[in-house]
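So the structure is just underneath, and the comments pick up after that.
What follows is calculated from the coordinates using simple rules that are stated; it is not laboratory data. It should be emphasised that the depicted structure is a prediction, and the values quoted were computed from it without experimental measurement. When we count neighbours, we look across all protein chains shown, and the Cβ atoms used for this are built from the backbone with ideal geometry, even at glycine.
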């Protein structure tokens, strides 16, 4: 939960009004408000706050920076210098095509896979072994194994290994020696590869190959030898691939030749067995005959259907209406004759009767005509039947011939298909044979040409300057890392530092407490700080206490506090110095002040103003041994009287909480304008908590870098719990060169003291 800025200010204002009215303490508000203290603080931190943190802890930052830079510089200077030689090669994705021949065995990989393969080939153990053997690195001191270097430990290790590798006859096991040699060789190759780096250039075919060594000449020779051996190895692989391709082609050529011969023999045998001289002509003739038969069959079928229709009418007995009958002239003449005779017969029969000779004669003629018509019609019917039978027979014969012709065509087609299959096999084998023969010839031509897709762009030269350590870069990185580490450490220490850092820290975290001012550090060599407002009224410290005096006396125009308890949360925070200088600044305005040393456990004011112990003091009065006038001492300063602490009693809290202490303050206020009480610290003892109930206000003294926020918070809580009236707080040990706008004014008007402070180194205030 976050308290809004306006809401927090309203709460502060309300709490102060309650406090000034004296009706309630601020403890309830303080407990409520402090829960949001850290949240509000984080919200209010800005860049300047972080800069202030770094300035306060600048020596930590500087120390980390110096340690890091010095350590890095020394380490860089004593490190073994490593030289790096670099060569550039170009790797083409494909072999240069000097002929139309392409690789038969190797399958072209994708471009990225191809380049990745080449990079790994350069860093392969096989290639590294060749380079190691060519350079004789097994004898080079940089690569010599530890056990081969002279020395007592190496000799002892070798002797120990030989003792444990002896067999029963006291001889060294050969397999053990082989394993040692293999292990030594593997270590040598690994050490070589660890120094090799391959870096492809982006958007190009160029590749940078480098080698690192403490010997600059070796670094150049190693990378150049590596490139030469790599190109040589690639050529060997190409030659081996060409050799394998030639052997493969020769083997395939023999197999294809045998297949071709077998195919030609099968084709010839099939042609002879099928009696095929000219298959296409014979097939075309057969197809033509089949087409003619199909056409004749179609016509015969049509004719048969026509004659079958006439035959079906004849079978039904409908002779008179047959087209042949109707269209026959002789039958038509006979029918006309029949009609004429019938007409005569009917006429004569009516006249003469049926037995009349002429009538009988005509009747006989009619019968002859009818028989002739019947004979003629029967002849036509018989002719129709015969024509139908002839058409049916013709169709059947043509159909049989067509089927026979179809079978013949099918047989010829089958033979043609088989013949073409055999013919194609012959052609295919012949084509393969010719292609393989051509490739074999090309392989024989290219086998003697040493062409590679790898070209050397730049050979490595002997480097003059070491690659590592890069002292400039290391120092630059050390500067960055040291600065980062110092700043981080400063922020970490700041995070865990619970002390008050500046007046803004008080204002932010204890915003409900009136802030009266800051007291700067005293200059080096400054003495009697407790009386500096009297001894050096133009000093910054004197001016600071005058500001505090003004803020304190005018904090309430109607009822300014007359009796003031000056205390702090813990010892050594400057409360005694603050109490005495506050009293001195008040008398400078013409007022009379009584300064009371109520720190009955560790009193100091008698040493400041009376130069030694006094026989009587506050404790003497509180126990009733002496009257008030007997403990009031006039100081050398006009207007300031002192009541020292007196002998240290065994029970300070009981004395300070007694009625005589309250009566003492009341009587002093009758004679003095103000009573300033230098009280003991609040934490750990009850003295100040008792005193705060009998004064008009409590002035809390804090010290930068000493007062802990938790202690100050507990101090305020304790005072508020006993209804103490805190009139304000001041900050001690303030460095004026870090000051805000107010102390720019003091710094200017400090006069000669300002120049002295610039010349002298600041030191801590005297603290009590």
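Numbers below:
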{"item": "Gain in span if fully extended, residue 430 to residue 191, counting 0.36 nm per residue against the direct Cα distance", "result": "80.3 nm"}
{"item": "Percent RCO, i.e. relative contact order, over the stretch 499-759, from Cα pairs under 8 Å lying at least 6 residues apart", "result": "30"}
{"item": "Relative contact order for the stretch 591-742, counting Cα pairs under 8 Å that sit 6 or more residues apart, in percent", "result": "24"}
{"item": "Residue order, fewest to most beta carbons within 10 Å, for 223, 359", "result": "359, 223"}
{"item": "In nm, spacing of pseudo-spin labels at residue 123 and residue 385 (7 Å Cα→C-beta vector)", "result": "11.1"}
{"item": "Sequence ranges 559-566, 703-710, ranked by mean other-Cβ count within 10 angstrom, highest first", "result": "559-566, 703-710"}
{"item": "Bridge type composition, the stretch 574-713 - antiparallel percent by DSSP, nearest 5", "result": "20"}
{"item": "Per-residue Cβ neighbour rank within 10 angstrom, fewest leading, 518, 547", "result": "547, 518"}
{"item": "Fully extended contour minus Cα-Cα distance, from residue 372 to residue 671, at 0.36 nm per residue", "result": "88.3 nm"}
{"item": "Relative contact order (percent, whole number), the stretch 457-543, Cα cutoff 8 Å, 6+ residue spacing", "result": "13"}
{"item": "At R0 = 51 Å, FRET efficiency that the Cβ-Cβ distance of residue 340 and residue 409 yields, to 0.05", "result": "0.20"}
{"item": "Compactness of the stretch 499-759 as Cα Rg over 2.2 N^0.38 Å, two decimals", "result": "0.96"}
{"item": "Inter-label distance, nm, simple model (7 Å from Cα along the C-beta direction), residue 477/residue 349", "result": "15.1"}
{"item": "Taking 620, 214 and counting other C-beta atoms within 10 Å, the order from fewest to most", "result": "214, 620"}
{"item": "Inter-site label distance for residue 265 and residue 111 at 7 Å from Cα along Cβ, in nm", "result": "5.3"}
{"item": "Theoretical gain in end-to-end length, residue 555 to residue 75 [0.36 nm per residue, Cα-Cα removed]", "result": "166.5 nm"}
{"item": "Theoretical FRET efficiency, 1/(1+(r/R0)^6), r = Cβ-Cβ of residue 287 and residue 438, R0 51 Å, to 0.05", "result": "0.80"}
